[in-house]
Amino acid sequence: MKDLVGSHDLLFVTLDTLRYDVAAELVAAGRTPALARALPGGRWQRRHSPASFTYAAHQAFFAGFLPTPTAPGPHPRLFAAAFPGSETTGGDTWVFDAPEVVSGLAAAGYHTVCVGGVGFFNHRSPLGRVLPGLFAESHWESEFGVTAPGCFEAQLDRIATVVPTVPADRPLFLFVNVAAMHQPNRHYLPGAAADSRDSHAAALEYVDRHIGRLFALATARGRPCLVLICADHGTAYGEDGHTGHRVAHEVVWTVPYAEFVIEPGQWELSGTAATGGSFHD
């Protein structure tokens, strides 16, 4: 990443609550063809999240502690806040003199944009303003949230209105938190009366049907774009008696991860713009 800062736009996508096992099974079975096309080698990396729920995981991510490969380390980090004694800052790590990467990228000339999904990005309370408050521009409305079946499409419609407003001479850091996989997700599986591993998988299929549009929007400005895409944590559907997350269980800690560069024109742009408000610092 160190050699790409300034020349490339940056897209960071968190697929909130997505389990690694479900993501890996679906891509192997051909049920997420857009992601299969994008992922290096058509496969997800198996990694461990630094936290078991959204707020803690994103605080760690923005400080440079992305999900860690499950093989024995140490594993040099992609980017890192400068601090004495770091054992995972390598020669290729982009080091920033700031407490988190959002302000670090802003200092490097980036326009920073957050398009939130789950409640920790909803601006409705002091806690819900902490993470989006890091960004120069942040967007959230109820249509982006966990109870909206078209949440990802609504986010994409908003992104389609935001990207053209970024000055052409400034690189863009776009962060998107996708809420579809989070409970409740039963509405993605026709006839389902309760959330389940199957409805979680159906939610990922929904996201896959539209994620190509996000990649197209991310390169619509004519710049190459470094993409980071991962889950912040997984979730349990009855394993060992657990339901949900914020527990130390394998299905919660283990997450899918990928990083890759996309070029302008690599993905076809489609879709229309939507309406709605935004929150600006």
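The values are calculated or read from the model by the stated rules, or taken from the named source; none is laboratory data. This one's a predicted model, so the numbers in the text were calculated from it and none came from an experiment. Every residue, glycine as well, gets a Cβ built from its backbone with ideal geometry; the counts of neighbours run over all protein chains shown. Surface accessibility is based on the protein's heavy atoms, side chains included, excluding ligands, DNA and RNA. Shrake-Rupley method; radii C 1.70, N 1.55, O 1.52, S 1.80 Å.
Cβ under 14 Å from A192's Cβ, A192 left aside: what net charge do those residues give with Lys, Arg +1 and Asp, Glu -1?
-1
Normalising by the residue count of region 15-139, find the relative contact order in percent from Cα pairs under 8 Å and 6+ residues apart.
Here the relative contact order equals 15 percent.
Calculate the radius of gyration of the Cα atoms of region 234-273 to one decimal place, then report Dmax, the largest Cα-Cα distance, as a whole number, both in Å.
Computed over the Cα atoms of region 234-273, radius of gyration and Dmax are 17.8, 47 Å.
What do you get for Rg/Rh over the chain if you use C-alpha atoms and the Kirkwood form of Rh?
Rounded to two decimals, Rg over Rh is 0.94.
Over the chain, what relative contact order in percent results from Cα pairs under 8 Å that are six or more residues apart?
Worked out over the chain, it gives 31 percent.
Give a residue-ordered list of calculated ³J(HN,Hα) values for region 67-83 (Karplus: 6.51 cos²θ - 1.76 cosθ + 1.60, θ = phi - 60°; whole Hz; x for Gly, Pro).
x, 9, x, 7, 6, x, x, x, 10, x, 8, 5, 9, 7, 6, 5, 7
Quote the FRET efficiency, to the nearest 0.05, computed for D97 versus V130 with a Förster distance R0 of 22 Å and r equal to the Cβ-Cβ distance.
The pair D97/V130 has a calculated efficiency of 0.55.
Can you pull the accessible area of E250 for me, 1.4 Å probe, Å² to the nearest 10?
Surface accessible to solvent at E250 totals approximately 90 Å².
Using θ = phi - 60° and the Karplus form 6.51 cos²θ - 1.76 cosθ + 1.60, what ³J(HN,Hα) does each residue of region 133-140 get, whole Hz, x for Gly and Pro?
x, 6, 9, 5, 9, 9, 9, 7
Please list, in order along region 180-194, the HN-Hα scalar couplings obtained from phi with the Karplus expression 6.51 cos²θ - 1.76 cosθ + 1.60 (θ = phi - 60°), rounded to whole Hz, x for Gly and Pro.
Along region 180-194, the couplings run 4, 6, 5, 4, x, 10, 4, 5, 8, 10, x, x, 6, 9, 8 Hz.
Whole angstrom only: what separates the Cα centroid of region 202-232 from the Cα centroid of region 30-107?
First find each Cα centre; the distance between them is then 17 Å.
For L18, enumerate residues with amide H under 5 Å from its amide H, sequence gap 5+ or separate chain, H modeled in the peptide plane.
Here the answer is D232, H233, since their amide H atoms fall under 5 Å of that of L18.
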